[in-house]
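Before any comments, here is the structure.
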Amino acid sequence: MGVPIDLYKVSGRRRYLDCPEWLKLKLEGDMQKANVLQNNMNTFRFHPLGWKLVLNNCVPMGDSQLSACRGMYWVSIAKGRLTVWEGGIVREVDLPFDDIPSCVDCRRTGEALYVALGMQDGVHIVRFAPDGEETWHSVTRGKCLALDVAMAPRYTVCLIEKEGVLVAGRGGVFRLSEASAAGTEPVDVMVPQVAMGSRHGGVFDSCLEDFDHMLSLEERVLSTKCIPCGVLLQTNIRLVSVQNGELRTISYGSPCFCYDGAYLYAAEQHLYGTCFTVYEYTEREWCNVGYYDIRANFGIRKVMGLNVSDTRVELLGEGNELYVFDIQPASYEQA
């Protein structure tokens with residue numbers, strides 16, 4: 001017996017069945033495991049002499065317009081071709097469509113690399129096999145605004161305009177939240193949370209917290225990032241967090257930032273220096289646990305993109321060069 005069509009269509013548009021409770025619990029549990037990353041920053045921050053950045057490589061990236069993806073990936077889409085950089089390895093594939101993706105996310109599982117593209121007509125995923133073979137498949141329909149493939153290939157979570165937050169897996173596509181969003185504002189999605197522009201964010205199936213009134217009138221949100229029990233907002237003035245109903249300023253100057261679940265890393269541009277700064281959230285506030293002046297030591301004046309994984313740091317300079325660093329304990333020579 002088939003599923004009645006009325007369950008999927010309301011007022012002439014496509015609808016999805018609500019996500020069952022058992023799957024929500026499984027998603028939250030699996031996401032917590034996926035976000036447990038190896039991080040040796042604790043060792044370095046308590047070192048008697050602190051920590052430093054050691055430059056390993058500087059790679060010119062030509063005319064490629066790069067964007068950072070979680071997990072130390074850099075993605076470029078130009079002239080109908082997708083290029084992915086992963087630790088010096090380059091993978092390229094022709095796109096089977098003409099539209100430009102609105103969002104991209106990457107995930108490595110074993111020897112396979114999954115790259116998800118959020119498009120006007122849905123989410124398309126390409127799998128790069130170890131032998132170089134590429135395989136495409138589609139998982140949802142509708143205009144995609146944000147993606148999370150931390151649990152690929154089992155599940156893909158996405159925010160679809162006019163549909164809400166969907167989860168796609170082998171058992172089908174289900175709706176996690178009816179939270180609606182427009183394609184004109186920065187958004188992010190992460191199980192079990194959703195963040196939308198400067199308006200509101202929260203946990204699925206609960207009231208979304210309105211934080212628009214917390215920002216000044218001249219502030220506009222450039223990017224947003226889900227974090228446990230809160231949201232990070234990069235505005236044209238500062239980097240802030242909204243947690244437990246409170247807004248906290250982390251840094252001024254609208255820096256590039258990266259959050260790995262344990263530490264927040266920011267590339268801060270000041271009048272006399274450009275610093276790579278590390279923050280930790282403790283006791284309801286963000287604490288600075290050290291910084292390194294990358295302008296004085298490496299001549300880097302402006303950072304256009306930032307990726308951090310464990311003790312590896314990658315910075316995209318304004319000349320489109322990719323700097324690769326290691327975080328190491330400071331030495332007596334430096335001191």
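The values are calculated or read from the model by the stated rules, or taken from the named source; none is laboratory data. If you're wondering where the values come from, they're calculated on a predicted model, not measured in any experiment. All Cβ positions, glycine included, derive from the backbone under ideal geometry; neighbour counts span all protein chains shown.
Any residue in region 272-284 that is in contact with a helix residue (DSSP H, G or I) (Cβ under 9 Å, 6 or more places away or on another chain), surrounded by 19 or more Cβ atoms within 10 Å (Cβ to Cβ) and farther than 25 Å from Pro60 by Cα? Yes, the conditions are met somewhere in region 272-284. Residues in region 225-264 that are buried (at least 21 other Cβ atoms within 10 Å of the Cβ) and either touching a helix residue (DSSP H, G or I) at 6+ places or on another chain (Cβ under 7 Å) or under 19 Å from Gly299 (Cα atoms) (or both): Val242, Pro255, Cys256. Looking across region 60-107, the residues that are among the acidic types (Asp, Glu) and surrounded by fewer than 20 Cβ atoms within 10 Å (Cβ to Cβ) come down to Asp63, Glu86, Glu92, Asp94, Asp98, Asp99. State all residues of region 291-310 that are among the hydrophobic types (A, V, I, L, M, F, W, C) and either in a loop (DSSP other than H, G, I, E, B) or touching a residue at least 40 places away in the same chain (Cβ under 8 Å) (or both); if no residue qualifies, say none. Listed by number, the residues that qualify are Ile294, Phe298, Ile300, Val303, Met304, Leu306, Val308. Close Cβ contacts (under 8 Å, 6 or more residues apart or on different chains) running from residues in region 143-165 that are farther than 15 Å from Gly122 by Cβ and touching a residue at least 24 places away in the same chain (Cβ under 8 Å) to residues that are assigned to a loop (DSSP other than H, G, I, E, B) and of a type in the set (Lys, Arg) comprise Ala150/Arg70; Arg154/Arg170. Filtering region 121-153 to residues that are within 19 Å of the chain's Cα centre (by Cα) and of a type in the set (Lys, Arg) leaves only Lys143.
Going through (1) in a strand (DSSP E or B); (2) surrounded by 15 or more Cβ atoms within 10 Å (Cβ to Cβ) one by one, Asn288 falls short only on (2). For region 53-76, a residue qualifies if it is more than 25 Å from Asp105 (Cβ to Cβ) and hydrophobic (A, V, I, L, M, F, W, C), and the qualifying residues are Leu53, Val54, Leu55, Cys58.
Criterion first (crowded, with 17+ Cβ neighbours inside 10 Å, assigned to a strand (DSSP E or B) and modelled with pLDDT of 90 or more) does Val313 satisfy it? Here the answer is yes, as Val313 does meet what is asked. Counting only strands (runs of 3 or more DSSP E) that fall entirely inside region 61-143 and contain at least 1 residues that are in contact with a Ser or Thr (Cβ under 8 Å, 6 or more places away or on another chain) and over 27 Å from Cys256 (Cβ atoms), the qualifying elements are 122-128, 134-141.
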